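I have placed the structure first, in the form of structure tokens, so that the comments after it can refer back to it.
The values are calculated or read from the model by the stated rules, or taken from the named source; none is laboratory data. For clarity, every value in this text was computed on a predicted model and none was experimentally measured. Cβ sites come from the backbone with ideal geometry, for glycine too, and all protein chains shown count toward neighbours.
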Ligand SMILES: Nc1ncnc2c1ncn2[C@@H]1O[C@H](COP(=O)(O)OP(=O)(O)O)[C@@H](O)[C@H]1O
Ligand SMILES: [Mg+2]
């Protein structure tokens with residue numbers, strides 16, 4: 001059923017929390033190289049959908065297929081090693097470590113795999129990894145803060161660093177949960193530029209975003225989620241013109 | 001070794017020098033005698049290893065004395081069955097405590113936080129109780145396991161024609177009494193410190209710090225954290241086993257009290273007192289606790305009476321009564337008080353105090369009074 005260029009297929013996924021039907025009959029296909037936006041009001045189930053994809057939550061029924069392989073029953077670290085990285089809605093970072101080390105750790109995960117007992121190698125001698133991390137920080141405009149403790153960064157910088165932590169792994173699929181939330185207009189624009197740059201490198205992305213400016217300037221396809229269901233999907237123009245969407249979501253936002 | 005960063009090398013050389021010169025610089029403190037110096041080394045090793053699990057990885061074990069005790073028993077058994085030479089004893093002790101830590105770690109690490117701590121405590125208490133009961137054939141129960149002239153010592157008997165007279169542990173035939181014993185243990189502390197330093201500065205050590213800071217992020221970054229935490233657990237268990245074995249070398253009588261929860265708690269105190277997560281902190285914590293234990297527990301009522309003699313009658317005996325609660329057997333009360341004070345005023349331990357003082361000196365000449373606009377750097 002999956003076409004060859006479908007990287008991610010969320011197939012008939014349901015997720016219940018007790019009586020709450022947080023995800024109902026979600027069917028979603030993300031094609032290689034595309035940026036797929038998911039929009040919808042608060043509590044619609046957007047973050048829950050990402051949680052199911054990365055293995056933080058198991059779906060109540062249905063399955064997620066990545067690159068032809070089912071993700072059911074796989075642990076979060078295995079799913080990451082398959083090539084899925086995620087930026088969280090509230091940054092998940094190593095607050096006590098330096099910015100540089102925050103970015104070096106994912107690079108080591110990519111190179112060395114899920115476990116390696118390399119305890120007699122010096123981190124200082126990892127010149128390649130270090131260089132990679134510095135280049136990445138340069139890319140996101142944070143090289144100057146590389147020796148700071150990540151916990152003392154501003155909100156916007158934490159997000160940007162978390163993005164760098166994901167990008168350095170060159171994931172096949174990047175999941176972004178409101179990457180510009182809490183950022184100033186200026187920071188938002190820098191982040192959009194950055195995301196466009198990644199897009200030109202052909203990375204597949206699923207992005208959750210409230211800011212319509214961000215969504216319409218980045219997305220190839222949009223799915224609209226409301227109360228756990230996809231109520232519309234299509235190209236940005238199709239979604240913009242959809243009366244159901246106007247009513248449920250865009251009406252308030254535009 | 002060639003790739004050792006300069007700062008690390010300086011720290012290592014400085015540490016080595018301080019340790020080897022202890023018989024000299026501890027003289028004014030009245031602590032430069034071999035018996036106490038050996039304990040400084042042994043508990044230093046114990047704390048350095050404990051810090052790899054607690055300070056680096058963030059897992060607080062309340063049962064590490066179990067591995068210390070197992071190391072002691074294993075070493076004494078090696079003396080009894082194989083040879084009085086310390087080398088096979090140390091190897092045997094490290095292997096046995098490592099295997100023991102692998103089993104206990106495998107089970108305890110299914111949980112984290114307080115549940116992990118409780119599990120380790122439960123296992124250690126179980127070991128302690130078993131050493132007194134069902135395992136008496138191995139541990140010799142309350143009497144403790146000791147060397148006798150009639151021990152088989154198969155290896156010794158196979159190699160030497162004449163069986164050595166007194167059953168005392170030796171290193172390649174050399175006695176390890178007095179300062180020789182100290183330098184022997186000091187060598188191991190220096191090696192232990194070196195290995196801990198390498199681990200801390202390695203990619204593996206970085207992963208342990210990552211686990212301590214945000215284990216969830218480690219999972220979503222592609223790491224299987226189980227083997228990392230288990231490796232840290234086993235390594236710290238082997239350090240504890242080595243320390244226990246060295247204690248058996250200096251005093252070849254292994255008793256179950258070495259595994260009691262107070263002994264497990266003591267290494268926690270040492271690490272926190274000195275500064276968990278730092279390299280030298282735990283060693284300093286171990287030295288201070290062993291030093292003050294030695295001083296305070298030796299003070300008795302007659303010493304106190306002489307000390308307070310200058311006070312008027314009645315007052316002096318009152319002072320003696322109060323003070324006697326804090327010395328001798330009551331030394332743990334003093335330790336508890338000092339610990340509470342440190343945790344409240346210096347949560348990062350003595351090393352944090354050192355850092356604060358260094359910080360004052362560093363910026364005093366530059367910008368007096370002004371707050372530092374730069375956010376604090378990592379680590
Ligand atoms: N782990 C959980 N347990 C129970 N309820 C949850 C859990 N995670 C999310 N929910 C609920 O599911 C619904 C969707 O949440 P979420 O996916 O975070 O929405 P959003 O679209 O704003 O990201 C909300 O009602 C939320 O309270
Ligand atoms: Mg959300």
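Key figures for this structure:
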| item | result |
| --- | --- |
| Any hit, the stretch A:28-37, residues being under 19 Å from residue A:174 (Cβ atoms), within 16 Å of ligand 2 (Cβ to nearest atom), more than 14 Å from chain B (Cβ to nearest Cβ) and touching a helix residue (DSSP H, G or I) at 6+ places or on another chain (Cβ under 7 Å) | yes |
| Top-ranked residue in the stretch A:197-216 [being within 16 Å of ligand 2 (Cβ to nearest atom) and touching a residue at least 40 places away in the same chain (Cβ under 8 Å); ranked as farthest from the other protein chains (Cβ to nearest Cβ)] | A:215 |
| Residue within the stretch B:44-58 that is more than 24 Å from residue B:228 (Cβ to Cβ) and in contact (Cβ under 8 Å) with a residue 60 or more places away in the chain present | yes |
| Candidate set: the stretch A:49-75, residues that are within 15 Å of ligand 1 (Cβ to nearest atom) and surrounded by fewer than 21 Cβ atoms within 10 Å (Cβ to Cβ); chosen: the one farthest from the other protein chains (Cβ to nearest Cβ) | A:60 |
| Residues of the stretch A:13-27 classified as within 16 Å of ligand 2 (Cβ to nearest atom) and in contact with a helix residue (DSSP H, G or I) (Cβ under 8 Å, 6 or more places away or on another chain), total | 4 |
| Test result for residue A:93, in a loop (DSSP other than H, G, I, E, B), out of contact with any strand residue (DSSP E or B) (no Cβ under 8 Å at 6 or more places or on another chain), away from ligand 1 (no atom under 14 Å from the Cβ) and closer than 21 Å to residue A:198 by Cβ | yes |
| Residue check, residue B:165 farther than 30 Å from residue A:84 by Cβ, within 14 Å of chain A (Cβ to nearest Cβ) and modelled with pLDDT under 95 | no |
| Residues located in the stretch B:185-204, provided they are touching a helix residue (DSSP H, G or I) at 6+ places or on another chain (Cβ under 7 Å) and within 7 Å of another protein chain (Cβ to nearest Cβ) | B:199, B:201, B:202, B:203 |
| The stretch B:264-289, residues that are farther than 29 Å from residue B:7 by Cα and surrounded by fewer than 22 Cβ atoms within 10 Å (Cβ to Cβ) | B:265 |
| Considering residues of the stretch A:24-48 that are farther than 21 Å from residue A:218 by Cα and more than 8 Å from ligand 1 (Cβ to nearest atom) only, the residue surrounded by the most Cβ atoms within 10 Å (Cβ to Cβ) | A:26 |
| Helices (runs of 4 or more DSSP H) enclosed by the stretch A:160-254 - at least 3 residues per element that are under 22 Å from residue A:143 (Cα atoms) and either touching a strand residue (DSSP E or B) at 6+ places or on another chain (Cβ under 8 Å) or assigned by TED's automatic domain parsing to the domain that holds residue A:29 (or both) | A:185-200 |
| Helices (runs of 4 or more DSSP H) contained in the stretch B:127-229 and holding at least 1 residues closer than 22 Å to residue B:55 by Cβ | B:178-200, B:203-220 |
| Selection status of residue A:108, within 14 Å of chain B (Cβ to nearest Cβ), surrounded by 22 or more Cβ atoms within 10 Å (Cβ to Cβ) and within 16 Å of ligand 1 (Cβ to nearest atom) | no |
| Checking residue B:83 against (1) surrounded by 14 or more Cβ atoms within 10 Å (Cβ to Cβ); (2) within 24 Å of the chain's Cα centre (by Cα), the condition it does not meet | (2) |
| Looking only at the stretch A:139-196, and only at residues there that are within 16 Å of ligand 1 (Cβ to nearest atom) and within 12 Å of chain B (Cβ to nearest Cβ), the one that is nearest to the chain's Cα centre (by Cα) | A:175 |
| Residues of the stretch A:132-158 that turn out to be within 28 Å of residue B:229 (Cα to Cα) and in a helix (DSSP H, G or I), as a count | 6 |
| Selection within the stretch A:39-86 - within 16 Å of ligand 2 (Cβ to nearest atom), within 15 Å of the chain's Cα centre (by Cα) and free of Cβ contacts under 8 Å to residues at least 24 places away in the same chain | A:51, A:56 |
